[in-house]
Amino acid sequence: MTETRPRLPPGQQLVAPGKWPIVGERSGAGQREPWTISVAGCVATPVTFRIEELAALGVVHRAVDLHCVTRWTRFDVPFRGVELATLLEVCPPTNSAKFVSFVSHSPRGHSTSLPFDEALAEGTLVVWEAEGQPIPPEHGGPVRVIVPNRYLYKSLKWLHTIELLQEDRLGYWEQSAGYHNHADPWAEERYMAPTLSRAQMRQVLASRDWQGMELRSLDASDHDLLGLQAQGALLRDARFNRAVLRQARFDGANLTNAHFTAADAMDASFAGADVEGANYEGADLRGADFRGASIFGATFCPPDGEISAARLARLDRFTRFDEFGLAQLAPRQQEFVAAALQSPPS
Ligand SMILES: Nc1nc2c(c(=O)[nH]1)N[C@H]1C(S)=C(S)[C@@H](COP(=O)(O)O)O[C@H]1N2
Ligand SMILES: [Mo]
């Protein structure tokens with residue numbers, strides 16, 4: 001970490017003012033009255049707190065920059081809560097505590113973990129107020145974790161248990177979706193390395209039926225994949241730069257943060273796909289279908305304002321978006337797409 005790093009991490013875009021997207025689970029597993037937070041594992045004596053008891057330990061106010069792995073950033077969100085370090089003064093961890101796992105009271109028992117010393121060094125907070133209000137249920141209220149300087153997937157919603165561990169236990173996204181376990185936004189630690197061997201990769205690229213396959217981080221740049229069938233495939237972070245994807249079908253596929261720069265995707269279908277954070281700069285999207293797709297953070301023109309025709313996606317009046325999709329785009333992207341959809345046939 002240096003003093004001179006830019007405030008906005010690479011590949012991130014600021015959300016529109018006042019917007020705070022909801023990511024992942026949208027509600028916890030129901031009210032617990034009173035809500036308690038337990039500290040367990042490698043501690044001398046396990047302790048359970050109520051929120052009022054946490055507040056009595058020493059309240060802090062912090063403005064934190066939130067960076068989601070799907071490429072949106074929101075600066076200066078004010079939180080009120082207690083530092084993890086302060087909370088743990090009351091129930092000191094034993095010497096064998098090397099990791100901290102946050103466990104959620106949520107439908108899938110969501111969790112995430114960090115090396116214990118990093119969690120403390122970053123000033124991790126347990127918070128119950130955001131922007132001067134109790135944290136709304138969809139953002140993890142009544143109590144969530146905020147870990148500064150990490151992608152937001154390290155910031156657990158509906159905190160129920162803080163478990164000190166000797167060995168790390170991968171969290172939900174880290175295990176099931178290959179999210180990077182360190183999650184430093186300035187190092188773009190978004191995903192773990194690809195899961196396929198070189199031989200498997202060659203086989204996949206030779207076939208054009210990828211339906212339902214798990215192919216995250218696949219590199220298909222410069223390949224001819226005309227008519228590809230990739231419905232329902234898991235292609236997070238995959239690379240399709242300059243690839244031929246005419247009439248390819250990605251319906252319902254997971255293409256979070258996928259790269260399509262300068263791809264020829266005429267008449268391709270992304271209907272109902274998750275293309276959050278995908279990069280379509282310079283891609284040919286004439287006749288492509290994005291209806292029902294989730295497109296937060298997708299880019300169709302350079303987000304930094306650079307003017308270069310080669311980096312503009314090509315859209316026409318046969319490219320299909322729905323209102324809901326368009327509304328998810330950053331203002332600059334929205335403006336570009338809306339104008340490009342009007343362009344006359346060529
Ligand atoms: N319990 C729980 N916590 C969670 C998640 C989740 O799905 N369940 N998603 C994580 C992810 S990926 C992000 S980006 C943030 C989103 O927080 P927000 O919905 O308040 O923006 O919560 C994190 N914490
Ligand atoms: Mo996220």
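Table for the structure above
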quantity: Residues satisfying the stated conditions in the range 107-136, i.e. of a type in the set (D, E, K, R) and either touching a Phe, Trp or Tyr at 6+ places or on another chain (Cβ under 9 Å) or assigned to a strand (DSSP E or B) (or both); calculated: ARG108, GLU129, GLU131
quantity: Hits in the range 234-258 - residues which are under 13 Å from the mean Cα position of the chain (by Cα) and assigned to a loop (DSSP other than H, G, I, E, B); calculated: ARG236, ASP237, LEU255, THR256, ASN257, ALA258
quantity: Selected residue (criterion: nearest to ligand 1 (Cβ to nearest atom)) from residues of the range 21-37 that are crowded, with 16+ Cβ neighbours inside 10 Å and small (Gly, Ala, Ser); calculated: GLY24
quantity: Residue pairs meeting the criteria (Cβ under 8 Å; at least 6 apart or on separate chains; first more than 13 Å from ligand 2 (Cβ to nearest atom), in the range 170-181; second part of a helix (DSSP H, G or I)); calculated: ASN181/GLU174
quantity: Within the range 143-187, tally of residues that are surrounded by 20 or more Cβ atoms within 10 Å (Cβ to Cβ), under 21 Å from PRO78 (Cα atoms) and not aliphatic (A, V, I, L, M); calculated: 9
quantity: Subset of the range 149-189 [modelled with pLDDT under 95, near ligand 1 (Cβ under 8 Å from one of its atoms) and either part of a loop (DSSP other than H, G, I, E, B) or within 12 Å of the chain's Cα centre (by Cα) (or both)]; calculated: TRP173, TYR179
quantity: Hits in the range 59-117 (condition: among the acidic types (Asp, Glu), surrounded by 14 or more Cβ atoms within 10 Å (Cβ to Cβ) and within 16 Å of ligand 1 (Cβ to nearest atom)); calculated: ASP65
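Yes or no, residue by residue, for (1) of a type in the set (Asp, Glu); (2) in a strand (DSSP E or B); (3) surrounded by fewer than 12 Cβ atoms within 10 Å (Cβ to Cβ); (4) free of Cβ contacts under 8 Å to residues at least 12 places away in the same chain:
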residue: CYS301; (1), (2), (3), (4): no, no, no, no
residue: ASP304; (1), (2), (3), (4): yes, no, yes, yes
residue: ILE307; (1), (2), (3), (4): no, no, yes, yes
residue: ARG317; (1), (2), (3), (4): no, no, no, no
residue: GLY325; (1), (2), (3), (4): no, no, no, no
residue: ARG332; (1), (2), (3), (4): no, no, no, no
residue: PHE336; (1), (2), (3), (4): no, no, no, no
residue: ALA339; (1), (2), (3), (4): no, no, yes, yes
residue: SER343; (1), (2), (3), (4): no, no, no, no
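The values are calculated or read from the model by the stated rules, or taken from the named source; none is laboratory data. If you're wondering where the values come from, they're calculated on a predicted model, not measured in any experiment. Backbone-built Cβ (ideal geometry, glycine too); neighbour counts: all protein chains shown.
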